[in-house]
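A.B. asks: I'd like to ask some things about the structure below.
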Amino acid sequence: MSGDDTTRPHVGCAIDADGRITFDLPPGPPGGQLLLQLRPKKGQPEKTVHILGTVSEGDRRYAVLDADPVLAEGRWDVYLLEEPGSGRRRPRAGLRDVRALVGGHLRRRSSPLAVRIPYVTKDGHLAVRAWLRTAHAEADGIDVTGSSMTVGARLHGASLGDGAAVHLRLRGGDTVRTVEPSAEDGGRAFSFAVDYAELAAATPPGTGVWDVFLRPAAKAPRIRVGRLLDDLADRKNIVVYPTAGLEGAALRPYYTVDNDLSVEVKRRP
């Protein structure tokens with residue numbers, strides 16, 4: 001959209017603990033709509049949308065995205081349509097009230113796990129980050145030392161059983177390091193420690209990334225370990241852990257662009 005920020009429409013929002021989002025819209029004609037467009041992968045066409053009707057009450061106009069239906073996993077861009085079939089307009093982000101999400105990691109969630117977080121894009125527009133997973137292991141705390149890291153996590157949509165294991169998988173290959181988790185809270189939570197020297201020794205020279213998964217039981221599907229249940233849509237550049245230096249290697253845990261937990265290892269030839 002052209003024009004400076006003073007002429008562009010702004011849309012704010014508030015989200016409750018159940019994931020219901022109320023969008024506050026600028027004044028406009030009756031019959032307007034709000035469109036949520038799933039951002040396609042590079043080179044793919046736009047095809048998945050949700051269209052919301054608007055409600056006018058006095059001087060206020062708004063639209064509501066209920067907790068159901070759930071949103072597909074990805075990033076949803078927000079657009080205004082002044083009337084059905086009209087050209088869409090990309091609003092700037094107004095005020096966002098996401099306070100209800102701050103303690104989201106304390107609530108027990110059922111399967112499937114559906115998460116949505118409104119956020120501001122790099123160019124100042126409003127969008128919604130959504131996750132949709134059968135089960136999830138929410139990282140609760142990461143204790144980093146010079147030789148290891150210890151992770152505590154809570155399970156949603158699953159619990160630990162016989163043969164449970166943490167898998168660190170080297171990205172781009174089939175190499176997997178296995179760590180035994182310690183069950184807590186009746187199998188609804190767990191912790192595990194990763195020895196940095198062992199991980200560095202298993203990494204080829206150069207830069208390697210180990211993605212962290214949990215297999216909750218011997219034959220169960222693997223679950224990605226990450227941090228989704230709060231108000232941060234993008235953790236990668238906000239939550240930064242220290243780098244540990246070992247002889248010939250540097251290691252650091254970090255959150256990916258999808259808020260999943262990984263460990264980067266840089267090893268000299």
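A.B. asks: I'd like to compare 202-209, 103-110, 31-38: which one has the highest average count of other Cβ atoms within 10 Å, and what's the full order after that?
C.D. replies: Answer by packing, highest mean first, reads 31-38, 202-209, 103-110.
A.B. asks: Turning to a different aspect of this structure: Dimensions of segment 39-123 along principal axes (Cα, Å, largest first)?
C.D. replies: Sorted largest first, the three principal extents are 42, 42, 26 Å.
A.B. asks: Can you list, bin by bin at 5 Å, the percent of alpha carbon pairs in segment 116-174, starting at 0?
C.D. replies: Histogramming segment 116-174 at 5 Å steps yields 4, 11, 13, 17, 18, 16, 13, 6, 2, 0 percent.
A.B. asks: Hey, could you get me the Stokes-Einstein D for segment 116-216, Kirkwood radius over alpha-carbon pairs, 10 °C and 1.306 mPa s, rounded to whole µm² s⁻¹?
C.D. replies: Rounded to a whole number, D works out at 102 µm²/s.
A.B. asks: Which trypsin sites (Lys or Arg not before Pro) in segment 112-145 pass both tests, a DSSP loop state and at most 14 other beta-carbon atoms within 10 Å?
C.D. replies: Sparse-neighbourhood loop trypsin sites (Lys or Arg not before Pro): Lys122.
A.B. asks: Against the 2.2 N^0.38 Å scaling, with N counting residues, where does segment 1-157 land? I'd like the Cα-based Rg ratio to two decimal places.
C.D. replies: Here the Cα radius of gyration is 1.20 times the empirical estimate.
A.B. asks: OK, next. Based on the Kirkwood radius over alpha-carbon pairs, what value in µm²/s does the Stokes-Einstein equation return for the translational diffusion coefficient of segment 156-269 at 25 °C and 0.890 mPa s?
C.D. replies: Calculated translational D: 164 µm²/s.
A.B. asks: Looking only at the chain, where both bridge partners belong to it, what percent of the DSSP beta bridges are antiparallel (to the nearest 5)?
C.D. replies: Of those bridges, close to 95 percent are antiparallel.
A.B. asks: Same structure again: Among the lysines in the chain, how many pairs, 8 or more places apart or on different chains, have alpha carbons under 21 Å apart?
C.D. replies: Lysine pairs meeting both conditions in the chain amount to 6.
A.B. asks: Then there's this: Roll a 1.4 angstrom probe over the protein heavy atoms and tell me the percent of accessible area of the chain that is carbon or sulfur.
C.D. replies: In the chain, the share of accessible area belonging to carbon and sulfur is 49 percent.
A.B. asks: Would you mind classifying segment 178-229 by shape? Square roots of the alpha carbon gyration tensor eigenvalues, ordered a ≥ b ≥ c; an a/c under 1.5 is rounded, otherwise it is prolate if a/b is larger than b/c and oblate if not.
C.D. replies: In terms of gyration-tensor shape, prolate.
A.B. asks: Next up: So what's the Cα pair-distance distribution over the chain, bin width 10 Å, in %?
C.D. replies: Calculated over all Cα pairs of the chain, the distribution is 6, 26, 28, 21, 13, 5, 0 percent.
A.B. asks: What does the net charge come to around Pro205 if you take all other residues with beta carbon closer than 15 Å to its beta carbon, with K and R at +1 and D and E at -1?
C.D. replies: After counting each charged neighbour, the total is +1.
A.B. asks: Let me ask something else. For the chain, report the accessible area per residue in Å² (1.4 Å probe, heavy atoms, rounded to an integer).
C.D. replies: 50
A.B. asks: How high is the relative contact order of the chain, in percent, counting Cα pairs under 8 Å that sit 6 or more residues apart?
C.D. replies: 15
A.B. asks: Okay, moving on. Can you give me the Cα centroid spacing of segment 126-141 and segment 17-55 in angstrom?
C.D. replies: Computed from Cα coordinates, the inter-centre distance equals 20 Å.
The values are calculated or read from the model by the stated rules, or taken from the named source; none is laboratory data. Bear in mind that the values here come from a model prediction, so they are computed numbers and not experimental data. Every residue, glycine as well, gets a Cβ built from its backbone with ideal geometry; the counts of neighbours run over all protein chains shown. SASA here: full protein model, heavy atoms, side chains in, ligands and nucleic acids out. Shrake-Rupley method; radii C 1.70, N 1.55, O 1.52, S 1.80 Å.
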